[in-house]
1. Would you mind listing the strands (runs of 3 or more DSSP E) fully within region 7-57 where at least 3 residues are surrounded by 17 or more Cβ atoms within 10 Å (Cβ to Cβ) and of a type in the set (Gly, Ala, Ser)?
2. Grab the strands (runs of 3 or more DSSP E) fully contained in region 76-168, keeping just those with 3 or more residues being closer than 24 Å to Gly61 by Cα and either at pLDDT 95 or above or under 13 Å from the mean Cα position of the chain (by Cα) (or both).
3. If Thr73 passes every condition in (1) in a strand (DSSP E or B); (2) β-branched (Val, Ile, Thr); (3) loosely packed, with under 15 Cβ neighbours inside 10 Å but one, which one does it miss?
4. Looking only at region 78-89, how many residues end up being surrounded by fewer than 21 Cβ atoms within 10 Å (Cβ to Cβ), touching a residue at least 60 places away in the same chain (Cβ under 8 Å) and more than 12 Å from Ile164 (Cβ to Cβ)?
Amino acid sequence: MNQKTFAGSLYKDNFQDPSQWKFISDNVMGGVSTGSIDFSIIEGQSIAHLSGNVSTENNGGFIQFRRNMKGITLDGVNNIKIIAKGNNEKYFVHLRTTGTILPWQYYQHSFTVEEKYKEFILPIKKFKKSGAFQASTINSKNIKSIGIVAYGKDYKAKIYVKEISFDE
């Protein structure tokens with residue numbers, strides 16, 4: 001179940017309601033990457049599994065799963081915590097805010113998964129903007145979506161995520 005507060009977290013999602021998440025690929029802009037998001041219960045815990053082939057052909061190069069954060073208060077968030085494992089590749093968290101109007105605008109932070117679950121703490125202040133016309137820093141109360149993204153090179157994506165939380 002999604003929880004609104006626990007031990008320093010302002011919001012936590014552990015994929016009890018998969019309908020909140022959607023798969024998006026570069027096909028929306030002519031790319032040819034393919035993939036899917038699957039939700040399953042492993043050892044009693046819900047897991048999100050993003051897999052597919054990322055291709056930079058036709059100016060593409062991403063697959064992701066994203067959640068709208070509308071109606072969730074994130075004021076005061078300093079970090080995003082992710083518990084994930086995968087295929088020893090680099091993945092990204094993309095945040096969109098009320099200031100990211102165009103589809104290609106976002107803020108990103110990378111992390112590299114290993115074969116065993118690991119906790120990643122991503123400071124909001126370290127997210128990098130994707131374009132010149134964005135604010136340099138994120139005001140956490142303006143976050144409108146979060147995405148886990150396989151991006152930027154030709155490779156086979158395979159990442160399992162147990163939990164995403166927004167922490168103080």
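1. Here the list reads 45-54.
2. Numbers: elements: 79-86, 90-97, 107-112, 118-123, 143-151, 155-167.
Passing ranges, in order: 79-86, 90-97, 107-112, 143-151, 155-167.
3. In the conditions (1) in a strand (DSSP E or B); (2) β-branched (Val, Ile, Thr); (3) loosely packed, with under 15 Cβ neighbours inside 10 Å, Thr73 misses (1) alone.
4. Initial filter on region 78-89 (surrounded by fewer than 21 Cβ atoms within 10 Å (Cβ to Cβ)): 78-79, 81, 83, 85, 87-89.
Next, only the ones that are touching a residue at least 60 places away in the same chain (Cβ under 8 Å) stay: 78-79, 81, 83, 85, 87, 89.
Filter again for more than 12 Å from Ile164 (Cβ to Cβ), leaving 78, 85, 87, 89.
Within region 78-89, residues that are surrounded by fewer than 21 Cβ atoms within 10 Å (Cβ to Cβ), touching a residue at least 60 places away in the same chain (Cβ under 8 Å) and more than 12 Å from Ile164 (Cβ to Cβ) number 4.
The values are calculated or read from the model by the stated rules, or taken from the named source; none is laboratory data. Source: prediction; values computed, not measured. Please note: Cβ atoms are built from the backbone with ideal geometry, for glycine as well, and neighbour counts cover all protein chains shown.
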